[in-house]
1. Counting only heavy atoms of protein chains, what accessible area per residue, in Å², does the chain have with a probe of 1.4 Å?
2. Taking the alpha-carbon distance from LYS32 and a cut-off under 30 Å, which lysines remain once sequence neighbours fewer than 8 residues away in the same chain are dropped?
3. Can you compute the modelled spin-label distance between GLN7 and GLU64, with each label point 7 Å from Cα toward Cβ, in nm?
4. Could you pull the accessible area for ASP28 with a 1.4 Å probe, rounded to 10 Å²?
5. Let me know the charge dipole size of the chain about its Cα centre in debye, to the nearest 20, where only the beta-carbon of Lys, Arg (+1) and Asp, Glu (-1) is charged.
6. Using θ = phi - 60° and the Karplus curve 6.51 cos²θ - 1.76 cosθ + 1.60, what whole-Hz ³J(HN,Hα) does each residue of segment 19-33 get, with Gly and Pro shown as x?
7. Can you give me the orientation-averaged projected area of the convex hull built on the Cα atoms of the chain, in nm²?
8. Counting only protein heavy atoms and a 1.4 Å probe, tell me what percentage of the chain's accessible area is made up of carbon and sulfur.
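The values are calculated or read from the model by the stated rules, or taken from the named source; none is laboratory data. Quick caveat, the model's predicted, so the values are computed rather than measured. Using ideal geometry, Cβ is built from the backbone for each residue, glycine included, and neighbour counts are taken over all protein chains shown. For the accessible areas, the whole protein counts, side chains as well, though only heavy atoms, and no ligand, DNA or RNA atoms are used. Shrake-Rupley method; radii C 1.70, N 1.55, O 1.52, S 1.80 Å.
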Amino acid sequence: MVDERGQYEFDPKYLRRCHQLCKEKVTDEMIKETNLIILDNTNTQEWEYIPYLNLAIIYGYESEIIMVGNLIDIDLYHSRNVHGVPLETLKRMAERFEI
């Protein structure tokens with residue numbers, strides 16, 4: 001969520017809606033036959049990214065899942081994260097990543 005100053009502010013009550021909007025945007029781009037769609041989201045478990053893989057099949061896109069990062073570099077990723085996600089939360093997310 002972006003506040004009135006234009007600053008990002010995480011609010012978990014909007015998380016479900018934000019993920020739904022993301023799926024809608026990806027679908028819209030596929031319908032428009034956009035050549036390259038990059039989904040940069042925290043889909044750490046299979047049930048979170050399977051819907052995107054299914055959309056790729058439906059709309060005839062090739063898909064690839066790329067894990068950006070690892071636990072070794074977690075401090076670096078924490079220093080770059082613009083959402084204010086605590087380091088321990090990032091570690092838990094990385095540990096539960098499924099591919």
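1. Roughly 81 Å² per residue, with all protein chains present.
2. Partners found: LYS23.
3. With each label point 7 Å from Cα toward Cβ, the separation is 3.8 nm.
4. 80
5. That gives a dipole near 240 debye.
6. 5, 5, 4, 4, 4, 5, 5, 4, 4, 4, 5, 5, 4, 6, 6
7. 7.4
8. C and S atoms contribute 54 percent here.
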